[in-house]
Amino acid sequence: MNLTLKIWRQTDADTKGKIVDYKINDVSPDMSFLDMLDMLNEQLNNKGEEPVAFDHDCREGICGSCSLQINGEPHGPDRYITTCQLHMRTFKDGDTIFIEPFRAKAFPVIKDLVVDRSSFDRVQHAGGFISVNTSGNTIDANAIPVKKHDADKAFDAATCIGCGACVAACKNASAMLFVSAKVSQFALLPQGRVEATDRVMNMVRQMDEEGFGNCTNTGACEIECPKGISLENIARMNREYLSASLKG
Amino acid sequence: MATLDSKTPEGHISQKWTNHKNKINLVNPANKRNIDVIVVGTGLAGGSAAATLAELGYNVKAFCFQDSPRRAHSIAAQGGINAAKNYQGDGDSTHRLFYDTVKGGDYRSRESNVYRLAEVSTNIIDQCVAQGVPFAREYGGLLDNRSFGGVLVSRTFYAKGQTGQQLLLGAYSAMNRQIGRGKIKMYNRHEMLDLVIVDGKARGIIARNLVTGAIERHSAHAVVLGTGGYGNVFYLSTNAMGSNVTAAWKIHKKGAYFANPCYTQIHPTCIPVSGDHQSKLTLMSESLRNDGRIWVPAKLEDAKAIREGKLKPTDLKEEDRDYYLERRYPSFGNLVPRDVASRAAKERCDAGFGVNKTGEAVYLDFAAAIQRYGKEQARVKHLDENDAQLVKKLGTEVVANKYGNLFQMYEKIVDQNPYETPMMIYPAVHYTMGGIWVDYNLMTTIEGCYAIGEANFSDHGANRLGASALMQGLADGYFVLPYTIGHYLANDIRTGKISTDLPEFEKAENNVRSQIEHLMNSKGSKTVDHFHKRLGKIMWDKVGMARNEKGLNEAITEIAALRDEFYSDVRVPGTANGLNQELEKATTCC
Ligand SMILES: Cc1cc2nc3c(=O)[nH]c(=O)nc-3n(C[C@H](O)[C@H](O)[C@H](O)COP(=O)(O)OP(=O)(O)OC[C@H]3O[C@@H](n4cnc5c(N)ncnc54)[C@H](O)[C@@H]3O)c2cc1C
Ligand code: SF4
Ligand code: FES
């Protein structure tokens, strides 16, 4: 296939960026989207131009590094996959593809398609843990039975890969889906209940400080989330927050 | 030259760790506040070590090249983690886990280390559950187990196909708690480019800030490497793209010994390469070999016709298929050990029987399993077992239940439906058993420099059993290193801060600077990937699954020539002052 790519190029955080057009030919439908970008980069490099910077690592949908806004959608047109799992057979010969970084005030661009998502880490520093020392001298693992239903729900919430697609999809750039996934994982487990109040207050406070927007329940985040993290988690976090505020 | 002293404690193997812990020096909590430790790598090994060291009171500086510790390569592990809990009451014990691991490693592991690993394995599960890691559970609310290849008990704990992710996020949460308290200073998007040795002791590192390009000096009283394996020297592997061996290589050049680099695990069931454009391979879980039958066409002309797309595998009659594992190893059949299955696939493909465009793929066929399960279900449900369509439908359901997510992953990548046509698989580089040599305390041959997780060599001998790498990473990081390192650091309580103005830091920094300058100024004609691919090809062809003296000697000459060519003809575009992914690739190659 022959394609036209319209790619966001930006030298660094302080320089203004712009869309630049590239033609790429002989793209095989078996290629992954990132294989295609590798091919473009090899060609640019061979022409003495600077390759396009983008984040990636595992290339199998689990590390959450890859983060491209493709034709206006985080991780592109397919559902329940990350950018690195998208294959070129989704596109047609002659297509024009827009490739941009995830956009949000709390995710400043570092270069080209690479953004700084350390705001996500800082929200986790504020409370995304259970305060137990790693001595190994805790109680036997089977001393705390957990209902399978709750354990499964906690697992589903815990599969969030921290990619930020939910934020990029949201017109308010809200991080509610991401934060609620962690709050829910722990809220559903007896081990996590002990600190539930402090956790939700601290994580929400940090989320607001980082400049993420408010949630207006549009649900765009759930649709674009590659791991199918459910809006149910946001509802659970809202309940947790309300009851924590009443106590607080 | 350093002498190799494993420092294995005296006594019966089952007593060594206890005795050792009772004897080693401790650092009192007030003194720990005056001691800095650098941990490079935040995978299962580095992440858990950083968290525990900080909890104990040391000042930790942790480094990773990703944008967050949560993205380390450990995140991709699928199957599970072993522990001798004996929750299933099937006769498991510390000794049995120890024995299985040593036997699985072809008796090449250091037994004292493996025994300790088996001993602390149960603590890992307790620890992770307390941290909120959502392992799979049974309806009664207790933890579930599965069994893995090569063992007779069910001791593998898992979280669907995402065990590595859940364990890493557990270690990440423990780190986050310490980062929040200011006990860990986290350096994301930083790459260690050299080790600094002062008076024979590891006292710091030189790192490049990948965002600003700044070359930074960081000092500490000890340096711990949890930087992963060297699988990516083969270019194509199941490892993450960023996984690289720079850190281990740099300390090797500074005097740390490397052990067993020849032991690379090549996993038989990976999705084959589809063309030259590919840079990364995907693992298909080993569990598929329980039900899939492996075959290639029996006749060369059929293999050729299949490669050219003129013939479909489903058109081939039974007698025209060669179920070569069943033929050669009637008692094990498709369940031969990983290394045997891998070598046999390569042998068939080298002989011209490969079945995809590149000629490097064999079939893994579920048609027989679908039939078998379908008939069984028809009988159980009192339906007509001669109704071919019904049998296929019922059988497909059973297979989908067991392997649905893997089949889906396969279909996304290959665009073929594995329920209708056999899967194609080929062996790929997966894990490296060899690594930096360490003693019982996990110290390398450089004083004060430690190696943990996949980066070291000691626990898996010549072959690693499934579900044991995650166990080793967390054992090293949570329960071994944080204590053994105290024995060494006890001598440093009065040392005071290590100054980064020491001439050793300056020299190391200058070396790194001149290397980067050389790369930027080389302005040659070929990209870094070009060299990496060629290196991978030499490694795969001559240092891969089958090796001989001639090939190995050729590889040495070819790699030396490639190295010279790299230094004279590589091209790194852009500048060194800022994010430059091509430069990152280049620095990991030299
Ligand atoms: C697809 C796949 C599936 C697997 N499944 C299983 C399984 O089911 N069970 C099992 O037991 N094992 C499994 N393994 C093996 C296991 O995942 C790894 O061996 C293990 O996770 C390695 O952990 P680690 O902490 O040693 O290193 P890694 O997780 O590789 O972490 C390395 C860290 O070092 C950092 N780093 C490296 N170099 C530098 C540098 N120069 N400067 C700064 N930072 C650096 C990286 O940023 C990273 O944080 C699997 C492996 C693969 C590839
Ligand atoms: S909630 Fe979904 S979209 Fe948001 S960070 Fe997690 S995985 Fe990504
Ligand atoms: S590169 Fe890891 S999720 Fe895409």
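Take the Cβ atoms of B:Asp384 and B:Asp350, set R0 to 51 Å, and the FRET efficiency comes out at 0.65. Pairing chains A and B buries close to 5900 square angstrom of accessible surface in total, based on protein heavy atoms and a 1.4 angstrom probe.
Test of understanding: extend the Cα→C-beta vector of A:Asn142 to 7 Å, then name every residue of region B:75-100 with backbone N under 18 Å from that spot. Residues B:81-97 fall inside that zone. When you count the other C-beta atoms within 10 angstrom of each residue and take the mean per peptide, B:238-248, B:358-368 line up highest first as B:238-248, B:358-368. Annotation: extensible slack from B:Arg181 through B:Thr575 equals 138.2 nm (criterion: 0.36 nm per residue apart, minus Cα-Cα distance).
Calculated [222 nm] ellipticity per residue, helices only, for chain B: -12000 deg cm²/dmol; basis is -39500 (n - 2.57) per DSSP H run with n ≥ 4, divided by all residues, nearest 500.
Percent of accessible area on region B:268-429 owned by carbon and sulfur, 1.4 Å probe? Solvent-exposed carbon and sulfur of region B:268-429 make up 50 percent of the total. Magnitude of the Cβ-charge dipole of the protein assembly as shown, K/R +1 and D/E -1, about the Cα centre, nearest 20 debye? Around 1280 debye, computed over the protein assembly as shown.
Taking amide hydrogens as placed 1.01 Å from N in the peptide plane, the amide H of B:Tyr187 sits under 5 Å from those of B:Ala62, B:Phe63, B:Cys64, each at least 5 positions away in sequence or on another chain.
What FRET efficiency comes out for the pair A:Lys171/B:Leu4, r = Cβ-Cβ distance, R0 = 45 Å, nearest 0.05? List each step's numbers first, then the result.
On the way: r = 62 Å, r/R0 = 1.38.
Plugging the Cβ-Cβ distance into 1/(1 + (r/R0)^6) gives 0.10.
For region B:1-159, a/c is not less than 1.5, where a ≥ b ≥ c are the root eigenvalues of the C-alpha gyration tensor, and a/b does not top b/c. That puts it in the oblate class.
Projecting the Cα atoms of B:Ala72, B:Ala171, A:Ser245 onto the dipole axis of the protein assembly as shown, where Lys and Arg carry +1 and Asp and Glu carry -1 at the beta carbon, places A:Ser245 farthest toward the positive end. On a per residue basis, chain B carries 39 Å² of accessible surface, using protein heavy atoms and a 1.4 Å probe.
A dipole drawn for chain A from +1 and -1 charges on Cβ atoms has a positive end, and of A:Ala158, A:Ser67, A:Pro51 the residue lying farthest that way is A:Ala158.
Net charge within 12 Å of B:Glu55 by Cβ-Cβ distance, Lys/Arg positive one each and Asp/Glu negative one each, not counting B:Glu55 itself? After counting each charged neighbour, the total is +4.
In sequence order, region B:26-32 has phi-based couplings of 10, 10, 6, x, 5, 6, 4 Hz under the Karplus curve 6.51 cos²θ - 1.76 cosθ + 1.60, θ = phi - 60°, and Gly or Pro positions carry x. Each residue of region A:33-45 is assigned a 3J(HN,Hα), and the resulting list reads 4, 6, 4, 5, 5, 4, 5, 4, 5, 4, 5, 4, 4 Hz, derived from the Karplus form 6.51 cos²θ - 1.76 cosθ + 1.60 (θ = phi - 60°), x at Gly and Pro. Partner shielding of B:410-421 amounts to 2, given as the average count of beta-carbon atoms from other chains within 10 Å of each residue beta-carbon.
With a ≥ b ≥ c taken as the square roots of the eigenvalues of the C-alpha gyration tensor of region B:165-267, please select rounded if a/c is under 1.5 and otherwise prolate if a/b is larger than b/c or oblate if it is not? Intermediate results must be reported in sequence, preceding the final value.
Details: a/c = 1.68, a/b = 1.13, b/c = 1.49.
It comes out oblate by the Cα gyration axes.
Under a 5 Å amide H cut-off, with hydrogens placed 1.01 Å from N, B:Ala259 pairs with B:Gly435, B:Ile436, B:Trp437 among residues at least 5 apart or on other chains. A straight chain from B:Asn553 to B:Asp315 at 0.36 nm per residue would run longer than the Cα-Cα distance by 81.3 nm. The apolar share of the surface of region B:1-140, taken as the fraction of accessible area on carbon and sulfur atoms (1.4 Å probe, ligands and nucleic acids excluded), comes to 47 percent.
Using only the Cα atoms of the protein assembly as shown, build the gyration tensor, take square roots of its eigenvalues as a ≥ b ≥ c, and label the shape rounded, prolate or oblate: rounded if a/c is under 1.5, else prolate if a/b is larger than b/c, else oblate. Rounded is the answer for the protein assembly as shown, as its axis ratio a/c remains below 1.5. The string of couplings for region B:434-447 from the Karplus curve (6.51, -1.76, 1.60, θ = phi - 60°) is x, x, 5, 5, 9, 8, 4, 7, 6, 8, 7, 6, 9, 4 Hz, one whole number per residue in order, with x for Gly and Pro.
Run the accessible area of region B:509-587 with a 1.4 Å probe and give the carbon-and-sulfur part as a rounded percent. Intermediate results must be reported in sequence, preceding the final value.
Numbers: 2130 of 4020 Å².
It is 53 percent, rounded to a whole number.
Evaluate the charge dipole of chain B about its Cα centre and quote only its size in Debye, nearest 20, assuming +1 on the Cβ of each Lys and Arg and -1 on the Cβ of each Asp and Glu.
Values: 72 positive and 64 negative charges, 182 e Å.
Charge dipole, chain B, about its Cα centre: 880 debye, nearest 20.
Projecting the Cα positions of B:Ala341, B:Asn244, A:Cys84 onto the charge dipole of the protein assembly as shown (unit charges on Cβ atoms of Lys, Arg, Asp and Glu, taken about the Cα centre) puts B:Asn244 furthest along the positive direction. Bridge orientation summary for chain B: considering DSSP beta bridges with both residues in this region, about 60 percent are antiparallel.
For region A:1-110, the solvent-accessible area of protein heavy atoms averages 40 Å² per residue (probe radius 1.4 Å; ligands and nucleic acids excluded).
Remark on region B:157-178: accessible area falls by at least 20 square angstrom from chain-alone to full-complex state for B:Lys160, B:Gln162, B:Gln165, B:Gln166, B:Leu169, B:Tyr172, B:Ser173, B:Asn176, B:Arg177, probe 1.4 angstrom. Basic side chains Lys and Arg get +1 at the Cβ, acidic Asp and Glu get -1 at the Cβ, and with that the dipole of region B:164-240 about its Cα centre reaches some 360 debye.
The values are calculated or read from the model by the stated rules, or taken from the named source; none is laboratory data. Being a predicted model, the structure only gives us computed values, none of them experimental. No Cβ is skipped: glycine too gets one built from the backbone with ideal geometry, and neighbour counts run over all protein chains shown. Surface areas here come from the heavy atoms of the whole protein model, side chains and all, with no ligands, DNA or RNA. Shrake-Rupley method; radii C 1.70, N 1.55, O 1.52, S 1.80 Å.
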